[in-house]
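The values are calculated or read from the model by the stated rules, or taken from the named source; none is laboratory data. The model shown is predicted, which means the values in this text are computed figures rather than measured ones. Reconstructed Cβ throughout: ideal geometry from the backbone, glycine too, with neighbour counts over all protein chains shown.
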Amino acid sequence: MNFILNSGLQPEVAFADGVKLDLTKTFYPFGQQPQPGTALYLKCTEAFSKRGAKVTFYGQVAETALAVEGEPQLLAEYWDGQQWQSLGADRDRLLIFFKQGYPFELDIPGDLASTKVNGDEGLWIRIRIVEKTFPAPARLPGRVQPPIHRTK
């Protein structure tokens, strides 16, 4: 999958759990064997530091020999300085994004705080598989060109 955020921004760093993703190539956002609890972590200082902004995520799903099936429940979250909190993203929109590449928006909360993910300090958003999983790997097509688009 490739990610792009509004304004053509891309995440500086992304992880599928503990595995750093190469955002210039097609990748599996939840790894090749996604399970409940698996998370995609995205860091984009420029976009995520704009409290109250809307960030639109764009993705391109890669063609693979494996079908992306299943209906996992996904949850978008942010770190508030003490714990991960829900961003209130529509779960159906999140699933459609990962299965078909349709964009989705998130509002950047005022209390988004810096934290370390895999030793990398910054402003992070994570998208986690809460229940069920994809029977076959969900692979984002192409590169992750996450232009994070900010609108206010």
- Query: Tell me, which residue of region 86-119 that is at pLDDT below 90 and hydrophobic (A, V, I, L, M, F, W, C) is farthest from the chain's Cα centre (by Cα)?
  - Reply: Ile96
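For Gly59, state whether it is surrounded by fewer than 20 Cβ atoms within 10 Å (Cβ to Cβ) and closer than 16 Å to Ala16 by Cβ. Quick ask: steps written out before the conclusion?
Numbers: surrounded by fewer than 20 Cβ atoms within 10 Å (Cβ to Cβ): no; closer than 16 Å to Ala16 by Cβ: yes.
Considered against the rule, which asks whether it is surrounded by fewer than 20 Cβ atoms within 10 Å (Cβ to Cβ) and closer than 16 Å to Ala16 by Cβ, Gly59 comes out as no.
Of all residues in region 13-28 being of a type outside the set (Gly, Ala, Ser) and at pLDDT 90 or above, which is surrounded by the fewest Cβ atoms within 10 Å (Cβ to Cβ)? Talk me through it step by step, then tell me what you get.
The initial filter retains those residues of region 13-28 that are of a type outside the set (Gly, Ala, Ser), namely 13, 15, 17, 19-28.
Right, trim to at pLDDT 90 or above and you get 13, 15, 17, 19-22.
Working: Val13: 17, Phe15: 21, Asp17: 17, Val19: 12, Lys20: 13, Leu21: 23, Asp22: 10.
Selected residue: Asp22.
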- Message: Can you name every one of the strands (runs of 3 or more DSSP E) wholly within region 28-109 that holds 1 or more residues which are within 14 Å of Val130 (Cα to Cα) and hydrophobic (A, V, I, L, M, F, W, C)?
- Response: 39-43, 73-79, 84-86
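Just give me the residues in region 12-21 being over 20 Å from Lys99 (Cα atoms) and in a loop (DSSP other than H, G, I, E, B), in sequence order. I'd like the intermediate steps shown before the answer.
Within region 12-21, the subset over 20 Å from Lys99 (Cα atoms) is 12-13, 18-20.
Glu12, Gly18 - these are the residues of region 12-21 that are over 20 Å from Lys99 (Cα atoms) and in a loop (DSSP other than H, G, I, E, B).
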- Here is a list of conditions, (1) within 23 Å of Lys20 (Cβ to Cβ); (2) surrounded by fewer than 17 Cβ atoms within 10 Å (Cβ to Cβ), and Ile96 meets all of them except one; can you say which number that is? (1)
- Restricting the first residue to region 96-119 and requiring it to be of a type in the set (D, E, K, R), which pairs with a second residue that is modelled with pLDDT of 95 or more and part of a loop (DSSP other than H, G, I, E, B) meet a Cβ separation below 7 Å and a spacing of at least six or different chains? Asp111/Asp80; Asp111/Gly81
